[in-house]
Structure formats: structure tokens, C-alpha cells
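Single-structure report; data block below.
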Amino acid sequence: MFDILPALLWIVAAVISLNICSITAIRGNIFSKTKSDVYPVRWSIVGLHFTSLIIGALPYPIYTMFKPSFSLKFQHFYEQVGWPSAALMVMLIATELVFMYLQARNGMKSEMERKLSQAIKD
């Protein structure tokens, strides 16, 4: 069971990362043609970003520390997918940052429009 722990951690981090991208895309109206209010990125999403970063990085030191206790089958598997999985995790984390930036930018524009429309009413 311990042999698959790095793979499970990587999968959890990838799922969190994909969820962050989905949430920020929806809340930030990134792909939406309709115009609606956008609010800044929530702190919970920022916390999830750091969580996905930590959980995504954990499998690599775990593998190096416990490599001798893994079966040869899993050692071979992890050595084959090590670099591609690391590259994919870096791309997922970078994509999170891009989506969070886009939501923050759209939120800033939306907040400015709300403030201007409120100033015009007053």
C-alpha cells in the first residue's frame, strides 16, 4: 500500500489544481461571453493553491526517501514517470496562477465599474 502513496498524492494535487482552475475560470468569467460581476480571488482559493503546491511536491522526496522499501515494479514505474509528472505538475501550478491572475484582473475591472456607477448615482 505504501508503494502507491506518491502516486496518490500526485493525483490528489492534480485534482485540486484542476478544481482551482475551474473555479477561477467560472468565478472570473474568463471564458464567458456574458458580462457579470466578478469578485477578487478568495483567500480559500489562495490557500488551496499552496496546498496543491505542497501536496504536488511531496511525492518526489517521499520516493527518494523510501525508494529501497518500494517494490521493483513501482521503482521502475516511478523512474519512468518522474520527469513527465514533475513537468505536468509545474504546468498545472502555473496554470493555476494564470487563472487566478485573470480572475483578479477581471475582478479589479468589475470593482472599478461598480464604484464608478455608484459615484454616478450619488
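The values are calculated or read from the model by the stated rules, or taken from the named source; none is laboratory data. It should be emphasised that the depicted structure is a prediction, and the values quoted were computed from it without experimental measurement. Here the Cβ is made from the backbone with ideal geometry for all residues, glycine too, and neighbour counts use every protein chain on show. SASA here: full protein model, heavy atoms, side chains in, ligands and nucleic acids out. Shrake-Rupley method; radii C 1.70, N 1.55, O 1.52, S 1.80 Å.
The slack between Phe2 and Ala87, meaning 0.36 nm per residue of separation minus the straight C-alpha distance, is 28.2 nm.
Of the trypsin sites (Lys or Arg not before Pro) found in region 34-122, the ones in coil according to DSSP and having at most 12 other Cβ atoms within 10 Å of their Cβ are Lys35.
If you take the alpha carbon atoms of region 1-115 and fit the smallest convex hull around them, that volume is 93 Å³ per residue.
Build a GNM of the chain with springs between Cα atoms under 10 Å apart, and of Thr64, Thr34, Thr24 the one that fluctuates most is Thr34. The modelled label-to-label distance between Met112 and Glu79, using points 7 Å beyond Cα along the C-beta direction, is 5.5 nm. Computed with a 1.4 Å probe over protein heavy atoms only, the accessible surface of the chain comes to 68 Å² per residue.
Here's the list of lysines a cross-link from Lys121 could span, going by alpha-carbon distance under 22 Å and ignoring same-chain residues fewer than 8 apart: Lys35, Lys109. Measuring nothing but protein heavy atoms, the accessible surface of region 61-122 at 1.4 Å probe radius is 71 percent carbon and sulfur. For the chain, the Cβ-based charge dipole about the Cα centre amounts to some 400 debye (Lys, Arg positive; Asp, Glu negative; other atoms uncharged).
Based on the alpha-carbon gyration tensor of region 15-65 and its eigenvalue square roots a ≥ b ≥ c, which shape applies: rounded if a/c is under 1.5, prolate if not and a/b is larger than b/c, or oblate? In terms of gyration-tensor shape, prolate.
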